[in-house]
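Each reported figure results from applying straightforward, stated rules to the coordinates on display, with no laboratory input. Because the structure is a prediction, the values reported are computed rather than measured. When we count neighbours, we look across all protein chains shown, and the Cβ atoms used for this are built from the backbone with ideal geometry, even at glycine.
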């Protein structure tokens, strides 16, 4: 029973608002008896009073963020009540003043007071106050507030990032503040639109009054045979009562809207506290106001009692403020009494945010892709990409930490390695990406864009067009696979940054399971830090480290004479040459490649020789070269990549062993797709087809 009760409560809480809206709309169609009309009018007045009180007591506008939606619902309720009351006034008004209910009759009689002219004038004044003063001003303030809030949004976001970087706030507080800034912008934008409804409601009230009055008099005279005076008397009472019972809540809600949009955040103070603190802050101003009131009250024929009463009241309030206002000496003594240390002021290491090895930040439109409620397709796709890359490269790629980031565009994502953002991409969460030789196909509609991973032309198509795109020869990729592919590509390009000391221990443990004696000898000849540097050199060139046995044997063979991690990795590359060339030229014993011309090769060797004379321990990938040499590589390397890729060949350049580390570093800077091999990394059974040279 308890479970059924909880289910009923959950369903009821979700369906309450839709049911209320349907009931409001039903009032337009179904005739209401007077007793129900009285109940709804009373509820409308009560709602307006509660909203006004809440608006004047909230400490922040976001504490009443439902206000724009509530304003629209209240406006809809009031207009539908006008329709229902108009129907009953015109159909039953000839039966007397209580035909449309007691509420309408009472409001009409109290305001009219026996004079219909007075009633119309009072109603007109209320309409002018509501339409010309309150709604007009509130509408303008809403427009300006929305514009200024949106303009200030980037600055607020940067201020939050600055506080986060400075350590003034932690990650959770920064996330909460970003969310608050976004909610504030949405609130003022919604208020800008809601203010138009309030203004339109005021106009509608005026038109409804004239329609009811004119229509009622005509119906009373021509349909029910009433005299003109009797018809005017009857329908004026009902019409003005109907107008007032609708316009008074309208006036209250318009005032509430104006109060909300004019509020300035003042910590935890509500409107009354703020008025007390600011308006009554200076006793001197209160004394001056009391003096002015006394002078005005002393003028002959003035109501002396009223002016003198407020004079005394102002003087008393000023005296109270001056009596209880803290002096500088009191403030200083209070400060001295404060404790010098407090456990709440201490900080510890828990405030330092953890830096994730691999992180993926999502704009808010992409967050559902990683939600378990939506199937978690992005998480599954990234897990599959990690598994594939780990199997190919030889160590386990760490988990990708997925978070949301309001600083990104709604459809944007960012990939970070060790806390540093590497690349961004932009996708369409509700579409699929189609790639092919021709993206401007006349039979396929979509949004022209690029593949964020490889920057190739792509077409973002609707889900319904996937089959058509496949039949037209396109390759269709789901949006979560697009993001996962981009993450995998970034990881493969930064394997040396991802690999760390823990991975060295894991590799050695795996080696000890299968080759315990080899693992023991390896641990005796090389330190874990040097081993990590060597493996990072291999991973920087995307050389797989799956063959741990060969890597360990090569290190043991070379370590007595070679201590440099670059030279050690070069020896390992030679030992793994078949693995490397199989990646470059699978199922083909010929390697198509460019080479370096003899003149440029001699310049590089001369630079190496000159640098080693000055510093024999200088790393081979840190040799300085002439600017003219750099310019040649910068111009030619991208051209080599384009030329070979246009022929569906992997871009390869073959260089002498001594210059390979230097050229590989230049390739990473100028054309990261270019594979750099040395001559001794090509097995004897492989041929070399030279396509050109760099001269």
Worksheet item: Nearest 10 degrees, 0 to 90: what angle lies between the long axis of helix 283-297 and the longest principal axis of the chain (Cα atoms)?
Response: 20 degrees
Discussion item. Ranking request for peptides 205-212, 419-426: highest mean number of other beta-carbon atoms within 10 Å first, then the rest in descending order.
Written reply: 205-212, 419-426
Practice prompt. First obtain the Kirkwood hydrodynamic radius of segment 499-575 from its Cα pairs, then insert it into the Stokes-Einstein equation at 4 °C and 1.567 mPa s, and state the resulting D in µm² per second as a whole number.
Written response: 106 µm²/s
Worksheet item: Taking 0.36 nm per intervening residue step and subtracting the Cα-Cα distance, what contour gain separates residue 46 from residue 83 on full extension?
Response: 11.3 nm
Discussion item. Give me the percent relative contact order of the chain, please, defined on Cα pairs under 8 angstrom at least 6 residues apart.
Written reply: 9 percent
Worksheet item: Once the Cα atoms of helix 501-514 and of the chain are each reduced to a long axis, what angle between those two axes, in degrees from 0 to 90 to the nearest 10, is obtained?
Response: 50 degrees
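In deg cm²/dmol, rounded to 500, what helix-only [θ] at 222 nm does the chain give when every DSSP H run of at least 4 residues adds -39500 (n - 2.57) and the total is split over its residues?
Working: 25 runs with 432 residues, N = 695.
Mean residue ellipticity at 222 nm (helix-derived): -21000 deg cm²/dmol.
Per the Kirkwood definition applied to all pairs of different Cα atoms, how many angstroms is the hydrodynamic radius of segment 358-492? Before the final figure, lay out each step's value.
Values: mean 1/r = 0.0651 Å⁻¹.
Kirkwood hydrodynamic radius for segment 358-492: 15.4 Å.
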Practice prompt. Using only C-alpha positions, report the orientation-averaged shadow area of the convex hull of the chain, nm², one decimal.
Written response: 54.6 nm²
Worksheet item: Helix 102-112 versus the longest principal axis of the chain: what is the Cα-based angle in degrees, 0 to 90, to the nearest 10?
Response: 60 degrees
Worksheet item: Where both partners of a DSSP beta bridge lie in the chain, what percent of those bridges are antiparallel, to the nearest 5?
Response: 55 percent
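Given R₀ = 30 Å, what would the calculated FRET efficiency be for residue 349 paired with residue 60, taking r from the Cβ atoms and rounding to 0.05?
Details: r = 33 Å, r/R0 = 1.09.
The formula returns an efficiency of 0.35 here.
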Worksheet item: What order, most packed first, do the peptides 571-583, 520-532 have when packing is the mean number of other Cβ atoms within 10 Å of each residue?
Response: 571-583, 520-532
Discussion item. How large is log10 of I(q)/I(0) for segment 588-695 at q = 0.09, 0.10, 0.16 Å⁻¹ when the intensity is taken from the Debye formula with one equal scatterer per alpha-carbon?
Written reply: -0.23, -0.28, -0.70
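Using 0.36 nm times the number of residues separating residue 396 and residue 320, minus their current alpha carbon distance, what extension gain do you get?
Values: separation 76, 0.36 × 76 = 27.36 nm, distance 7.34 nm.
Between residue 396 and residue 320, full extension yields 20.0 nm more.
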Worksheet, complete the sentence: For segment 441-532 (alpha-carbon point model, no solvent) the Debye-based log₁₀ I(q)/I(0) at q = 0.11, 0.14, 0.26 Å⁻¹ works out to -0.56, -0.66, -1.26
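In Å, what Kirkwood hydrodynamic radius results for segment 578-629 from the alpha-carbon pair distances?
Numbers: mean 1/r = 0.0736 Å⁻¹.
Every distinct Cα pair counted, the radius reaches 13.6 Å.
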Practice prompt. Rounded to the nearest 0.05, what FRET efficiency do residue 29 and residue 102 give with R0 = 22 Å and r taken as the Cβ-Cβ distance? Could you check?
Written response: 0.35
Worksheet item: Hey, fewest Cβ within 10 Å first, where do 591, 513 land in order?
Response: 513, 591
Fill in: Reciprocal of mean inverse Cα separation for segment 652-695 (Kirkwood radius, Å)
11.1 Å
